[in-house]
Amino acid sequence: MDRVAEPLPVTQPDAMLPRVARVTRRTRELPDTWTLEMVAADEAPLPRYAPGQFTMMYVFGVGEIPVSISGDASDTSRLVQTVRAVGKVSEALTKLSVGDTLGLRGPFGTAWPVADFYEHDVVVVAGGLGLAPLRPALYQLQAERRRFGKLMLLYGTRRPEDILFRSQLERWRRQLDMEIEVTVDHAGAGWRGHVGVVTKLIPRLAVDADNAKALVCGPEVMMRFAASALHDIGLPEPAIHLSLERNMKCAVGLCGHCQFAGGFVCKDGPVMRYDKVRCLLGLKEI
Amino acid sequence: MEGLESIVAGHRLFEGLGPEFITLAAGCAKNVRFNADQYLFHAEDPADWIYLIRHGRVALEMAAPGHGAVTFETLGEGEIVGLTWLLPPYRWGYDARALELTRAIAMDAKCLRDKCEADHDLGYALMKRFLPVLVQRLQTTRLQMLDVYGPRR
């Protein structure tokens, strides 16, 4: 079943009405990036979500932005989202304290089709903060590890000190059932790992390329080159899935802010198949 | 020599190269090894050797004032250290340091250049193998320059 071709249904009765959530924990991931754990302020369960989906996070009096979910979808006790301070709203989100409230709409959008990958090798390619929307998929892949073939995570970021979820990557690597390669664009002499763009790691992959599946998330230029490199080693285009990012406002395909050719990233994405979007990725008008 | 020829023929760079060219190329080659943190060469040294990595990893570094040595690329098995041998003045523009025990085929650059001059078929065959490496390095450098993970400008 092609799960990403059809958007998941909006799970709230009124998708435009925020629910009030309370921050229960905040974790500094990087100097400008924080992970917030939240529960509903009314103690009722928050809606379930699928890996790859996002919510609209609303800081009262400041504004609302889309933020991908970075937690474990099987843990229904809390919602976990990772935010980098890049603008007014995201900065306000990173400054919320434990006990503060915020508005949440969603979850919205299409999901990583992990359940369609049973029996296949799976390659996850993440760039920078793109690891956050992929983490729920990695949790699911780990939870159902026996159902998949080889599992590989390639992660590229700017510098060693910018590695997101570092302790978790180290834990996963120690488990020995997922290959993890990390590369950085620049490093000092103390770094013993790879240096270079993440796409350079792809030709070295030992996968059953004809039958492998890939999930890719990061800056769009990086995704374009990563998807192309994955295709070059033999992955069919429909086997490669990307998570796109656009300026989403309503999150339900009404306002048109995130229009992407004939579709909307909020409703038809963010997760899309490479063969459906390949021709659009290089178009600066889109 | 036969052993070295088969090692040269087995390197990714020379895949598909005819046996007569392999023999010519192997005539310029020797096996080398570098311990962790040993330098293959330093910036401004003459580019006398090309290194085809068989095992291990090598960091390419440039010293930047106030930053010390900055690694801009690491290379591993099957990759090539040193493309400067192709163009005058044949001097390295960066340092190359083994990150771990590294074994490589070292090819005498002058020997190879002379053979390419004498036999343009060999020269063309080698250029066809080195040019994609240069283009790939250029493309990845462009991506690095875009600094896609940095703050949006």
Study note, to complete from the structure: Using alpha-carbon positions, the gyration tensor of the stretch A:19-108 gives root eigenvalues a ≥ b ≥ c; with a/c under 1.5 called rounded, otherwise prolate if a/b exceeds b/c, else oblate, the class is rounded
Check your understanding: What is the mean number of Cβ atoms from other protein chains located within 10 Å of the Cβ atom of each residue in peptide A:183-193, rounded to a whole number?
Key -> 6
Check your understanding: Under a point-charge model restricted to the Cβ atoms of Lys and Arg (+1) and Asp and Glu (-1), what is the dipole moment magnitude of the stretch B:1-146 relative to its Cα centre, in debye to the nearest 20?
Key -> 280
Review point. When ranked by the protection proxy of mean other Cβ atoms within 10 Å per residue, highest first, what sequence do the peptides A:273-284, A:213-224 form?
Key: A:213-224, A:273-284
Practice item. Only Cα pairs under 8 Å and at least 6 apart count here; give the relative contact order of chain B as a rounded whole percent. Key: 28
Revision key, fill the gap. Relative contact order as a percentage, the stretch A:114-243, C-alpha pairs under 8 Å and 6+ apart, gives 29
Point to revise | Helix-only [θ]222 nm of the protein assembly as shown, DSSP H runs n ≥ 4, -39500 (n - 2.57) each, per residue, nearest 500 | key: -7500 deg cm²/dmol
Study note, to complete from the structure: When the charge dipole of the stretch A:126-222 is computed with +1 at the Cβ of Lys and Arg and -1 at the Cβ of Asp and Glu, the Cα pointing farthest to the positive end, of A:LEU129, A:MET178, A:THR157, is that of A:MET178
Check your understanding: On average, how many beta carbons from a partner chain sit within 10 Å of the beta carbon of a residue in B:66-78?
Key -> 5
Review point. What percent do you get for the relative contact order of chain A when only Cα pairs under 8 Å and 6+ apart count?
Key: 19
Revision key, fill the gap. Whole-Å distance linking the alpha carbon centroid of the stretch A:127-189 with that of the stretch B:38-116 is 30
Revision key, fill the gap. Across the protein assembly as shown, qualifying lysine pairs (alpha carbons under 26 Å, at least 8 places apart or different chains) come out at 24
Check your understanding: Using a ≥ b ≥ c from the Cα gyration tensor of the protein assembly as shown (square roots of the eigenvalues), is it rounded, prolate or oblate, where a/c under 1.5 gives rounded and otherwise the larger of a/b and b/c decides, a/b for prolate?
Key -> prolate
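Every number here is computed from the coordinates shown, using simple stated rules; none is lab data. What you see is a predicted model; the values in this text were computed from it and never measured. Virtual Cβ from ideal backbone geometry, glycine too; neighbours counted across all protein chains shown.
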